[in-house]
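**Student:** Provided herewith is a single structure, encoded as structure tokens, for subsequent inquiry.
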Amino acid sequence: MERSGVLAAAGLGAVAGMRTFSAPAILSILFTREGGAVQDRLGKALSSKAGGRTLSVLALGELVGDKLPNIPVRTAPPALAGRILSGALVGAALARRDKQPLLGPVLLGAAAAVASSYAFSALRRFATHRLHIPNVVAGLLEDALVAMAGTRLLAALK
């Protein structure tokens, strides 16, 4: 796997650890810009208008829902499983796009999602409990980081 593919899988996997639906939504933007260059089922779904809109709506819903007090922590088994699947999905889609073997990018995307989930959960807990930053503000800062990472990844993957 090329260095850019490794970085992309790790970067999007880390984004998936922060916000489950943002990573595939970002990849959908890239695939749409590329005009559907990936012709397998996953690539077609990500580059379709319906797929892109659905992922965008889910990502926006997650940004809002993240600030609610009754949302379980991202490291709870169901939430973590979703993040792992999201990281694996973006790794697989990137591997297909680059005509590379699937296993490495899938594992890397999933592992980055797990690491990011735990790291940002701890960081959020530190910010809210130790620094007394309101949860909404901490969440908005994390949203800004997701947006910044997504923008940088899109620019790097052109």
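Here, each number is a calculation from the coordinates, and none is a lab measurement. If you're wondering where the values come from, they're calculated on a predicted model, not measured in any experiment. Virtual Cβ from ideal backbone geometry, glycine too; neighbours counted across all protein chains shown.
**Student:** Out of 111, 43, 82, whose Cα points farthest toward the positive end of the dipole of the range 40-158 (charges: +1 Lys, Arg; -1 Asp, Glu; placed on Cβ)?
**Tutor:** 43
**Student:** How big is the charge dipole of the chain about its Cα centre, in debye rounded to the nearest 20, if each Lys and Arg gets +1 on its Cβ and each Asp and Glu gets -1 on its Cβ?
**Tutor:** 100
**Student:** Using the count of nearby Cβ atoms within 10 Å as a rough guide to exposure, how do 22, 48 rank from fewest to most?
**Tutor:** Final ranking by Cβ density, sparse to dense: 48, 22.
**Student:** With only alpha-carbon atoms counted, please give the Rg and Dmax of the chain, in Å.
**Tutor:** Cα radius of gyration and Dmax of the chain are 15.2, 49 Å respectively.
**Student:** For a test of the definition: using alpha carbon positions, the gyration tensor, and the 1.5 limit on a/c, classify the range 112-158 as rounded, prolate or oblate.
**Tutor:** Oblate shape, in that a/c is at least 1.5 and b/c is the bigger or equal ratio.
**Student:** While we're on this one: Pairing the Cα long axis of helix 103-125 with the longest principal axis of the chain, what angle in degrees results, from 0 to 90 and rounded to the nearest 10?
**Tutor:** Relative to the chain, helix 103-125 is tipped by roughly 20 degrees.
**Student:** In degrees between 0 and 90, to the nearest 10, how far off the longest principal axis of the chain does helix 49-65 point, with axes built from Cα atoms?
**Tutor:** Value to nearest ten degrees: 10.
**Student:** So, one more: Using the alpha-carbon atoms, what tilt in degrees (0 to 90, nearest 10) does helix 77-97 show relative to the longest principal axis of the chain?
**Tutor:** The angle comes out at about 30 degrees.
**Student:** Using just the helices of the chain, give the 222 nm mean residue ellipticity in deg cm²/dmol: DSSP H runs with n ≥ 4 each add -39,500 (n - 2.57), and the total is spread over all residues, rounded to 500.
**Tutor:** -25000 deg cm²/dmol
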